[in-house]
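Have a look at the structure below, then the notes.
The values are calculated or read from the model by the stated rules, or taken from the named source; none is laboratory data. Just so you know, these numbers come straight off a predicted model, no measurement behind them. When we count neighbours, we look across all protein chains shown, and the Cβ atoms used for this are built from the backbone with ideal geometry, even at glycine. Side chains included, ligands, DNA and RNA excluded: accessible areas come from the protein's heavy atoms. Shrake-Rupley method; radii C 1.70, N 1.55, O 1.52, S 1.80 Å.
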Amino acid sequence: MLSSLSVKNFALIEDLSIDFSSGFTVISGETGSGKSILIKSMELLTGARADLALIRAGCSVCTISASFETKSDKIAEFLNNFSIPFDDNIILIRRTIENTGKSKAFINDSQVSISALASIGELLIDFHGQNEKHSLLDLDSQLEILDNEVEDLKPLLKKSADLYDKVKDLESKIEAVNLSDAERARKIDLYFFQIKEIDDARLELGEDEKLEAELPKLKNAEKITSLSKEVIAILYSSDNAVLDGILKAKKSIELINSYGEDASETLSLIEQSYYQAEEAYREVENILSKTSLDPERLNASLERAELIKKLKKKYGNTIEEIIKYKDKIVYELNSLSGYKENSDRFKKELEENTKHLLEVCEAISLKRQKTAKVFSKSVQDKLLELEVKNAVFEVKFEKKEPSANGYDVAEFMFCANKGEKILPLRSTASGGELSRVLLAIELSTKIHNYQTSVFDEIDTGTGGKTGEKIGEKLAELAKRKQVFSITHLVQVASFAKTHIKIYKEIENSRTYTRAKVLKECEHIEEIARMVSGEKISKAALDHARNLITNSQVFCSK
């Protein structure tokens, strides 16, 4: 859900901030007031190409920012992949566009590319306008919509995915064993060499970390010994040893105490310092006893570290990865050595798994085709309600190679005019008509996504009863998700839970686009203005109240 939007120095907007609510929001205003500018700013937040001409005259940069609330798992996964923090289901998006052509994008204060912004934008907002690229026109999205309508499909899809993985794995194995004799011999020699090289190293897990900790001590053994002896001399064995000095000081403090001056605290401190200095001396002596100059051990450790480094460079970044690599090539070597037997076995397994995969794909397809008939009928019925009277909607199926999600290519087909050929939806419907088709699809699906839907003049070329039906369906959809609609029709605007008026003002010879979230009384007045023009009559106000009352009755059902 889009919670708030802030626009600065964009076209006629100098500084505009709006808070939004859930449900159905209508945006209205006179032609040229800036309604499309508001939508364009939302598009820029979702990765649309920036037009430098739209930076407000006299300004060097425009900034658009928004706050979204979402519980979408897809969005959470997307942000996690980019290591972007995501707390309290809030996403903050900001985009700046400079008149030099530079454009920067930020998600939760982390800078991202414009392509990354576009990717998350598709998950946040779906625009239904005259020339938009709709997510519902994508073939993968259409199949996903259909699959969400099919009952008990997930177990079959899981089975097809598992079988598909097995088939691809068996194909790779067959390809691996069906090599030329020369290639097979070369691989066998290489694997034997690599296995021997790893085995001869007798690697142990964690030994590289032990060597890393031990080598500095071995390299610096002479320095450690010299410094340890120096410390021992200072603390204990020299003529002016610290411990001897502390004992002398202790005796003097005891005498001071005996002469009547209370030096008990000082005596306690000097005793503690003696014990601490003595403990330090013991620790250093222990270090010295463990340190020995051992060139042979040093050389052996250096050679061992170099060997492990060499193996890591060839076979893996860690000892664990090297061992896993060896296990893998041992398996491949066994396959190559017994390639004839393995090839026959793999081919038999491939044949069996391919047969099972096709059977599952067929079961999936039958379920989809059965559901598609019911789904198509629902979409077509809703199109009739939206006054697309001669609409024909179908789902066309074609076969592809079996895959993890079956062998179906499903495509939505549409025809608006009686007697015309039915064609793919993505290439036949246009403008407000396309928006109504997409609205009918969304109303017919069980998908409950977290996208905000924006309908830009879905009611173009309509009015009266059709406009009322469009308003009803938009309000119905808004019970499941946040919906915005730019409209000139009172029949649509009357269904708004939130009504935003866009208007222009001139101050100091400059034009500014403003936006206002209307109160209830202002909502009625704006509907009346849309009916009768700037001079609002009593009849227009009564008509507006009736429209709103009727829409509220519908929405409460």
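For this structure, a couple of remarks:
- Whole-Hz ³J(HN,Hα) from phi, Karplus 6.51 cos²θ - 1.76 cosθ + 1.60, for the range 274-279, glycine and proline x: 5, 4, 5, 5, 5, 5
- Binned Cα-Cα distance frequencies in the chain - 20 Å width, integer %: 15, 30, 22, 19, 12, 2, 0
- For F455, nonlocal amide neighbours, meaning residues 5 or more places apart or on other chains whose placed amide H falls under 5 Å from its own, are H128, F484, S485, I486.
- Taking only the C-alpha atoms of the range 455-494, Rg followed by Dmax gives 9.3, 27 Å.
- When peptides 96-102, 40-46 are ranked by their average number of other Cβ atoms within 10 Å per residue, the highest-first order is 40-46, 96-102.
- Kirkwood Rh, angstrom, the range 399-557 [1 / mean 1/r, Cα pairs]: 18.2
- Crossing angle, helix 464-477 versus the chain [Cα axis fit, 0-90 degrees, rounded to tens]: 20
- Neighbour net charge for K223 - beta-carbon separation under 15 angstrom, K R +1, D E -1: +1
- Computed packing ranks the peptides 28-37, 229-238, 211-220 as 28-37, 229-238, 211-220, most packed first, by mean other Cβ atoms within 10 Å.
- Rule-of-thumb Rg ratio for the range 1-92 [Cα; 2.2 N^0.38 Å; N residues]: 1.22
- For the chain, calculated [θ]222 nm from helices alone, where every DSSP H run of n ≥ 4 adds -39500 (n - 2.57): -18500 deg cm²/dmol
- Rg to Rh, two decimals, where the range 303-452 supplies the alpha carbon set and Rh follows Kirkwood: 1.31
- Environment charge of E476, counting only residues whose C-beta is closer than 13 Å and scoring Lys/Arg +1, Asp/Glu -1: +4
- Sorted largest first, the principal axis extents computed over the alpha-carbon atoms of the range 162-315 equal 102, 43, 16 Å.
- Cut-off 9 Å between beta-carbons: net charge of the residues surrounding E387, Lys and Arg +1, Asp and Glu -1: +3
- At q = 0.13 Å⁻¹, base-10 log of I(q)/I(0) for the range 64-140 (Debye sum, equal scatterers on each alpha carbon): -0.44
- Whichever aspartates and glutamates have a C-alpha closer than 18 Å to that of K382, once near sequence neighbours (fewer than 8 apart) are set aside: E149, E394, E433, E442, D459, E468, E472, E476
- With Cα atoms, 0 to 90° folded angle of helix 295-315 axis to the chain main axis: 20
- Each of the peptides 268-281, 472-485 was scored by the mean count of other Cβ atoms within 10 Å over its residues; in descending order, highest first, they stand as 472-485, 268-281.
- Sulfur and carbon atoms: percent of accessible area, the range 265-357 [1.4 Å]: 50
- Debye-sum result for the range 470-557 in log10 I(q)/I(0), which assumes one identical scatterer on each alpha carbon, at q = 0.19 Å⁻¹: -0.88
- Cβ charges +1 (Lys, Arg) and -1 (Asp, Glu), total dipole of the chain, debye: 2360
- In the range 513-557, Cα pairs under 8 Å separated by at least six residues give a relative contact order of 30 percent.
- Of all aspartates and glutamates in the structure, the ones whose alpha carbon falls short of 15 Å from that of K465, not counting any fewer than 8 places away in one chain, are E385, E387.
- Each Cα pair under 8 Å and six or more residues apart adds its separation to the average, and for the chain the resulting relative contact order is 22 percent.
- Considering only G101, S335, Y259, and ranking their Cα positions along the charge dipole of the chain that arises from unit charges at the beta-carbon of Lys, Arg, Asp and Glu, the one farthest toward the positive end is G101.
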